[in-house]
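Here the structure comes first, spelled out in C-alpha cells, and everything after it is commentary.
Read-outs: derived from the displayed coordinates by stated rules, not from any lab. A quick note: this is a predicted structure, and the numbers were derived from the prediction, not measured. Reconstructed Cβ throughout: ideal geometry from the backbone, glycine too, with neighbour counts over all protein chains shown.
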Amino acid sequence: MTEQPQQPPYLSNPDGPPVVLASQSRVRAALLEGAAIPFATMPARVDEDMVKQSLATENAPAKHVAETLAELKAIKVSNAVLSRGATGTFVIGADQVLECNGVMFDKPVDMDHAHAHLKALSGKLHRLWSATVVAKDGAPIWRKIAHASLTMRPLSDQMIGRYLEVAGDVVLTSCGAYQVEGPGIQLFAHIEGDQSTIQGLPLLPLLDFLRVNNVIPD
C-alpha cells in the first residue's frame, strides 16, 4: 500500500481567509513558507518601468516609489481574484527600492551591470526601502514601509568579480546585486535592519496583521 504524502504542518487557521502573494519573487515566497503560512502566488505584471519614470518626474522619494508599486501590485491581483468570484482574499503586494546618495537602483540587467552596481555602492551607506500592501476585494486595507541601512566595504574590482562568479545569476534578482543571506554578506561592513526587510518583505508586522485577521491562530 502506497503511503500518501503528508501535508506540511502549517501554523495557520484552516478556516481563515485565503492568502495570495502578488509576486514571482522566490525570496518573498520562501519567507512566507518559512513562517508556515499557506498561500498561492499570482504575478501582478505591473509595468514597473513606466511607474518609476512617472514618479521620477515628480521627484518622488524612494519609499513612495516602493509603496506605490506594492499597492498597484496588490490591487491588480486583488481585482483579478475578485473577478473570479473569490471574495475576502488577502492579497500581499510588495516592492523594494535601493537608494544611495539620492540615486535609486533597479535590478541589474546582466552581470556587467551587476558589477557596476557593486562598484557604485562600494564603501558607501545605502538604504533599502521595503513596502508591503495588503488588498482585499480590490482595495488596500493595510500597509507597512520599513527600511534597512547597509554599509558596504570598499571593494576592489577583483573582489567584485570573485563574488559575482561565486554568487551567479541569482544576483540579477536583487536591486543591489547581492543577497545577504548568502555569500553577499561578505560585502558588508555594517548592517542595521531586520533581515526580512532586507529580503523585501517586512515579516513580523505582516504576521501581526495576519494574526489579527484570523489567518494565524493566536
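Here are some notes:
- Potential extension, Thr151-Ser54 segment - 0.36 nm per residue separation minus Cα distance: 32.0 nm
- The alpha carbon centroids of region 144-218 and region 89-118 are separated by 11 Å.
- For region 122-134, putting each phi into the Karplus relation 6.51 cos²θ - 1.76 cosθ + 1.60 with θ = phi - 60° gives couplings of 4, x, 10, 8, 9, 10, 9, 9, 10, 10, 10, 10, 10 Hz, in residue order, rounded to whole numbers and with x for Gly and Pro.
- Relative contact order for the chain, counting Cα pairs under 8 Å that sit 6 or more residues apart, in percent: 22
- By the count of neighbouring beta-carbon atoms within 10 Å, fewest first, Leu206, Leu172 end up ordered Leu172, Leu206.
- DSSP assigns beta bridges within region 19-212; of those with both partners inside it, close to 85 percent run antiparallel.
- Label-to-label distance, Asp110 versus Val170, with points set 7 angstrom from Cα along the beta-carbon direction: 2.3 nm.
- Globularity index of region 93-174, i.e. its alpha-carbon radius of gyration over 2.2 N^0.38 Å: 1.32
- Think of each Lys and Arg Cβ as +1 and each Asp and Glu Cβ as -1; about the Cα centre, that makes the dipole of the chain roughly 220 debye.
- In plain terms, the residue of Leu118, Leu204, Leu164 with the fewest other Cβ atoms within 10 Å comes first and the most crowded comes last, giving Leu204, Leu164, Leu118.
- Over every Cα atom in the chain, the radius of gyration and the widest Cα-Cα span, Dmax, amount to 18.5, 65 Å.
- Between Asp208 and Ile185, the distance separating the two model label sites (each 7 Å from Cα on the Cα→Cβ line) works out to 2.6 nm.
- Computed over the chain with a Gaussian network model linking Cα atoms closer than 10 Å, the most mobile of Gln96, Gln195, Gln186 is Gln186.
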